[in-house]
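Have a look at the structure below, then the notes.
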Amino acid sequence: MRVELVTVGDELLLGDTINGNAAWLGQRLAENGVQVTRSVVVGDEQDVIIEAVTEALSRADAVITTGGLGPTSDDVTRDALAVAAGVELRRDPGIEQRLRDRSARVGLPLRPMALRMAEVPEGATLLENPMGSAPGLRIELPGGPVYALPGVPVEMRAITDTAVLPELRASVTGPVPARRLLRTARVRESELAGRLAAVEALPGVKLAYLPDPAEVKIRITATGPGAQAVLSEAEELTRKLLGGVVYGTGEDTLDRVIHQLLAERSATVAVGESLTGGLLGAELTAMPGSSATFAGGIVAYATGLKTALLGVPEELLARHGAVHPEVATAMAMGVRDRLGATYGLAVTGVAGPDPQDGRPVGTVHIALAGPGSVSRVESPLLPVPGSGPGARPLIRRMTVVHALDLLRRNILGLDAVREWSDDQEDREELA
């Protein structure tokens with residue numbers, strides 16, 4: 001079953017909105033054995049939409065569009081599909097009544113333009129939208145069916161799961177590929193690929209590497225007879241080859257993994273931040289229920305506040321400046337003790353765009369203070385993509401990942417960097 005995606009919207013072409021719908025659809029369709037062969041973005045122009053859909057149907061079994069089903073003048077997908085099918089738009093009384101009822105419930109008059117959402121190409125099938133006003137549409141064109149979905153992500157996803165996927169799945173022949181997503185931290189994509197040559201060589205197995213700042217997701221796909229068994233073999237070998245750098249699977253995130261590890265040990269963590277300015281604490285409070293294991297945080301951005309709030313000795317700051325391993329260690333111990341946590345995690349460094357106290361941009365010190373007098377500090381020199389504006393947010397994001405992974409590895413008794421190489425230069429590059 002081959003499907004092409006056509007996402008509609010000037011905001012996507014101009015970069016005002018990230019095209020998350022195509023990413024979600026690609027993943028969701030693949031999980032159900034549907035092959036996405038092409039994905040294009042077009043603007044809010046009727047002729048362009050017609051051309052894109054018509055060309056897609058010359059190659060694919062079906063087309064899914066998103067966007068252009070709303071009430072405003074730039075929502076022209078339904079008009080384009082009617083022209084492509086050679087039919088007229090007709091007012092659907094059922095949709096019109098739902099729109100009127102919806103407006104009445106909120107005590108607002110129904111604007112005339114809203115009735116555009118009740119216009120349906122003749123012969124089209126309505127796809128119920130449980131999350132919004134505009135229904136999806138299924139319309140037969142020369143070459144195959146088109147599923148037109150709203151651009152609002154929550155609405156698009158609901159209609160896909162309830163109406164589109166069941167129909168497409170029924171057309172899938174042969175075994176559905178088996179997939180597993182493994183998540184790794186602090187190792188480069190090229191290093192992972194070098195380690196996994198034996199997995200790549202397994203019959204019926206394909207690996208894809210999906211990099212993020214300081215993280216790489218590895219998607220393992222197994223096809224053919226016995227795909228699930230082949231996938232299990234590939235995953236087992238991957239974990240054996242990568243060891244502790246694999247921190248989770250699927251929708252796992254570092255913060256979720258850490259909260260689970262802390263909860264299992266009845267432990268808590270507090271954070272002291274300088275260059276990340278609260279990003280580390282924000283990451284650790286993203287998950288509902290995080291208050292059970294996150295004690296709190298102190299953002300001591302100004303040098304003087306590192307002494308006032310975290311107890312960093314003034315003499316230490318005067319001797320080394322704010323960006324130093326010993327300062328990071330003092331920050332970690334200070335936030336642990338002052339907030340009464342099991343672990344104190346602290347970060348300081350230079351995010352740029354200019355050097356600080358003679359330290360280059362990308363210099364970062366991450367310290368962890370555990371129970372008692374146990375402490376640990378790491379000082380990766382994070383890569384800087386030139387001197388452009390992208391360096392600062394990248395360094396801050398990578399620092400958060402490095403800090404969280406330091407805590408994870410400490411809790412588990414791992415050292416993911418040393419287990420990969422005995423050469424100090426290689427270890428620094430991996431860090």
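Scanning residues 5 or more positions from Thr65 or on other chains, those with amide H under 5 Å from its amide H are Val6, Tyr147, Ala148, Leu149, with H placed 1.01 Å from N in the peptide plane. Here the Karplus relation 6.51 cos²θ - 1.76 cosθ + 1.60, evaluated at θ = phi - 60°, turns the backbone of the stretch 371-377 into coupling constants of x, x, 9, 6, 8, 8, 9 Hz, with x for every Gly and Pro. The C-alpha radius of gyration of the chain, expressed as a fraction of 2.2 N^0.38 Å, stands at 1.21. Close amide H partners of Val271, meaning residues 5 or more places away or on another chain with modelled amide H under 5 Å apart, are Gly296, Gly297, Ile298, Leu345. For the stretch 279-417, the share of accessible area belonging to carbon and sulfur comes to 60 percent (1.4 Å probe, ligands and nucleic acids excluded). Per residue, the average separation of C-alpha pairs within less than 8 Å and at least 6 apart gives the stretch 1-149 a relative contact order of 24 percent. With Cα atoms defining each centre, the stretch 273-334 and the stretch 1-55 are spaced 44 Å apart in the structure.
Phi angles of the stretch 92-100 translate, via the Karplus equation with coefficients 6.51, -1.76, 1.60 and θ = phi - 60°, into HN-Hα couplings of 8, x, x, 5, 4, 5, 5, 5, 5 Hz per residue; Gly and Pro are given as x. Using the Karplus relation 6.51 cos²θ - 1.76 cosθ + 1.60 with θ = phi - 60°, the per-residue 3J(HN,Hα) values for the stretch 44-57 come to 7, 10, 4, 4, 5, 5, 4, 4, 5, 5, 5, 5, 4, 5 Hz, with x marking Gly and Pro.
The equivalent ellipsoid that matches the C-alpha gyration tensor of the stretch 169-248 spans semi-axes of 24, 14, 10 angstrom, in descending order.
Straight-line cross-link reach from Lys217 at under 21 Å between alpha-carbon atoms covers these lysines, not counting any fewer than eight positions away in the same chain: Lys206, Lys240. Projected over all directions and averaged, the alpha-carbon convex hull of the stretch 289-354 occupies 5.0 nm². Between amide H atoms placed 1.01 Å from N, distances below 5 Å from Val36 occur with Val3, all of them 5 or more places distant or on a separate chain. In the chain, the DSSP beta bridges split such that about 60 percent are antiparallel, to the nearest 5. In the stretch 76-120, the portion of solvent-accessible area held by carbon and sulfur atoms comes to 53 percent [1.4 Å probe, whole percent, DNA, RNA and ligands not counted].
If you run the Gaussian network model on the chain, springs between alpha carbon atoms under 10 Å, then out of Arg183, Arg338, Arg396 the most flexible one is Arg338.
Computed across the stretch 150-192, the Kirkwood hydrodynamic radius from all distinct Cα-Cα pairs reaches 14.0 Å. Over the chain, accessible surface divided per residue gives 46 Å², non-protein components excluded, 1.4 Å probe.
The values are calculated or read from the model by the stated rules, or taken from the named source; none is laboratory data. What you are looking at is a predicted structure, and each value in this text was computed from that prediction instead of being measured. In case anyone asks, the SASA skips ligands and DNA or RNA and just uses the protein heavy atoms, side chains included. Shrake-Rupley method; radii C 1.70, N 1.55, O 1.52, S 1.80 Å.
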